[in-house]
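The values are calculated or read from the model by the stated rules, or taken from the named source; none is laboratory data. Keep in mind that what you see is a predicted model, and the values were worked out from it rather than measured. Ideal geometry is used to build each Cβ from the backbone, glycine not excepted, and the neighbour counts take in all protein chains shown. Areas reflect the complete protein model, heavy atoms only, side chains present, ligands, DNA and RNA absent. Shrake-Rupley method; radii C 1.70, N 1.55, O 1.52, S 1.80 Å.
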Amino acid sequence: MLSPEVKTSEELGRSTQLSFAQSINAALRQALDLDPGVFVCGIGADTPAGIFGTTKGLVDRFGSKRVFDTPIAEAGLTALAAGAANAGLRPVIIHQRLDFMLYSVDQVVNWMAPWRFMSGGRAKMPVTICAIIGKGWGQGPQHTKSLHTWFAHVPGLQVVMPASPSDAKGLLLSSIMSDDPTLFIEGRSLFSMQEDVPDAPYFIRLGEALVRRAGKDITLVSMGSMVPLALQAADTLSKANIDTEIVDLRCLMPLDIANIVTSVKKTGRLVVAEPGWRMYGAAAEIIATIVETLGEMRSRPRRVAWPQSAVPTSSKLEEQFYPTSDDIVAACRASVTES
């Protein structure tokens, strides 16, 4: 499904079927074309493979001054990016694992995030940090953490979580051209997803959720790599005459709570499916806000999320750890049955 902003039209012209990874590559290529201040860096960014294909071929087109490999020194790399952004450039940092960007938390949280606030709005910090989550392929507890809620908690940071190739391209272009620091989270399990993506550059406004499927019986909110599972669940639920409305957040910060409120006012029920730990998560925040805003609902809200455990390494344990579309179906069925 194409996002409303990127439907094929005379204005946008031709579309090409791209994978999620290829869409990221296309966004980076067009950003480098659009603004000479954009540069891309990260461990392996200039290799032939190009960080799972997302930076493939960029160094050949734009040269080693704008696309380059870096040492394994996340803190230094982030400080370099902050300085470059303060000088008027638009750096894009790519971490092959979100876990590894934790070495740069001081720069991100104490410097980048409050930079505009500390300058009284006079200074900008146009840094985009692309961080990959390696779900579901034996990466274990040190290569799979989805820490989106950590960073969404910090004022001044934007947190983007695309769920489709067309959204990945439009949201990444908007992130790079934003004047605020942005964490762009890429679910590795989405990289092979295929979709028609417009060839021309386009921008999706950050902080606008997308209703991917309209429905009247229950609101199912999701984000990132959980959205395809939510869509599968909705197909299953439709066979039981349960009409599910799916709200894809696309951005965790800014959060489009108004879109969720509108949906839940219509359905009276809410399930949130989150690709992260259950406790203190985005699902909890969304449910709390909806309950505070609307008060009584037709049934109590429910969460589908990771168990409160380190991520296992073995494939058999992974199967038990990660929620499935069946788990989402069960939560939605329970919500409908309860009311």
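Side notes on the structure shown:
- Residues of region 112-130 that are surrounded by fewer than 22 Cβ atoms within 10 Å (Cβ to Cβ) and either of a type in the set (Lys, Arg) or within 12 Å of Leu98 (Cα to Cα) (or both): Arg116, Arg122, Lys124.
- Residue that is farthest from Thr144 (Cα to Cα), among those in region 190-210 that are acidic (Asp, Glu) and part of a loop (DSSP other than H, G, I, E, B): Asp199
Residue-by-condition table, conditions (1) more than 22 Å from the chain's Cα centre (by Cα); (2) outside any helix (DSSP H, G or I); (3) free of Cβ contacts under 8 Å to residues at least 24 places away in the same chain:
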site: Ala82; (1), (2), (3): no, no, no
site: Ala123; (1), (2), (3): yes, yes, no
site: Ile129; (1), (2), (3): no, yes, no
site: Gly140; (1), (2), (3): no, yes, no
site: Asp167; (1), (2), (3): no, no, no
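- Being open to solvent by 40 Å² or more (accessible area, probe 1.4 Å), out of contact with any Lys or Arg (no Cβ under 8 Å at 6 or more places or on another chain), touching a residue at least 12 places away in the same chain (Cβ under 8 Å) and among the polar types (S, T, N, Q) is not true of Gln107.
- Subset of region 142-151 that is under 17 Å from Val108 (Cβ atoms) and open to solvent by less than 20 Å² (accessible area, probe 1.4 Å) - its residue that is nearest to the chain's Cα centre (by Cα): His148
- For the residues Phe20, Phe62, the requirement of being touching a residue at least 24 places away in the same chain (Cβ under 8 Å), farther than 16 Å from Pro165 by Cβ and either open to solvent by less than 20 Å² (accessible area, probe 1.4 Å) or over 23 Å from the mean Cα position of the chain (by Cα) (or both) singles out Phe62.
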